[in-house]
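Enquirer: Have a look at this one before I ask anything.
The values are calculated or read from the model by the stated rules, or taken from the named source; none is laboratory data. As the structure is a prediction and not an experimental result, all values here were calculated from the model. Here the Cβ positions follow ideal geometry from the backbone for every residue, glycine too, while neighbour counts run over all protein chains shown. Each accessible area value is taken on the protein alone, full model and side chains, heavy atoms only, with ligands, DNA and RNA left out. Shrake-Rupley method; radii C 1.70, N 1.55, O 1.52, S 1.80 Å.
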Amino acid sequence: MFHEGRGYRELSAAWIEWLAVFSALLAVGLGVLGRRVTWVFWVISSLFYLGIFAEAKLWADSGLQLVFILAAIWGWLRWGKQAFSPGLMALRGRLFALSSALLAWLALFGLLRLLGGEAALGDAFVAAFSLVAQILMVRQRLEHWLFWIAANLTGVLLFWIQGLKATAGLYLLFALLALIGFSQWRKQMNLEAWRLSASLPQDASQAAAKPLGNAQP
């Protein structure tokens, strides 16, 4: 009876992880296409992973899911008020985002060491860079894909070591999707720049076409 109960729990955990993987893939895939419904699947996948990461004692990634849920609500509201229109960040904004991610990494690492979390260094890195990536995604900044790539590649190693093999494979796929997303959003920015230049007089269009999507904070 004991073994049957244990086997049932292990089977349930496996199904939950695969449901989390499926919903997360939908979230990222729809994000690549710039669809507002992406945020619905962010909430679903985050609810699944909240329990999965807590069970694995990956406290930073578990807590991050709560942030993802709040960010998804923010993203749903923000993307509903404006058309999908990705843009570039100014250099100062890029440096600020990178500095914030690194500082958050160090702060989370110290906190996780105190709490006795598993794989504190990698867990903190994935959480910190994912957090910055999510915020920049809500603001529709192209550079957010680069933060996702860094977080996802680190996550592959982290989750494989922790025995979450399906999630490790998912994060490898996430990294590939982030590369596709970067290319897709860049094409969208080129298209918008072309449309803008086509709708303006010749002199104004030449000035408008120079930047690839207006640099923004």
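Enquirer: For region 93-163, with all protein chains present and a 1.4 Å probe, just round the carbon and sulfur fraction of the accessible area to a whole percent. Present the calculation step by step, with values, prior to reporting the outcome.
Expert: On the way: 2410 of 3160 Å².
Here carbon and sulfur together make up 76 percent of the probe-accessible area.
Enquirer: Expressed as a fraction of 2.2 N^0.38 Å, the rule-of-thumb size for a compact globular protein of N residues, what is the C-alpha radius of gyration of region 10-50? Don't skip to the answer; put the middle values down first.
Expert: On the way: Rg = 10.7 Å, N = 41, 2.2 N^0.38 = 9.0 Å.
Its radius of gyration relative to the 2.2 N^0.38 Å reference: 1.19.
Enquirer: Pairwise over distinct Cα atoms, reciprocal of the mean inverse distance: report the Kirkwood radius of region 9-133 in Å, one decimal place.
Expert: On the way: mean 1/r = 0.0637 Å⁻¹.
Hydrodynamic radius (Kirkwood, Cα pairs) of region 9-133 is 15.7 Å.
Enquirer: Take the solvent-accessible surface of the protein heavy atoms, probe 1.4 Å, and return the percent of it on region 13-72 that carbon and sulfur atoms account for.
Expert: On the way: 2130 of 2680 Å².
Looking at region 13-72 in its full context, I get 79 percent from C and S.
Enquirer: Also: Hey, rough spin-label estimate for VAL40 and ARG113, points 7 angstrom out along Cα→Cβ, what's it come to in nanometres?
Expert: Here the answer is 4.5 nm between the modelled labels.
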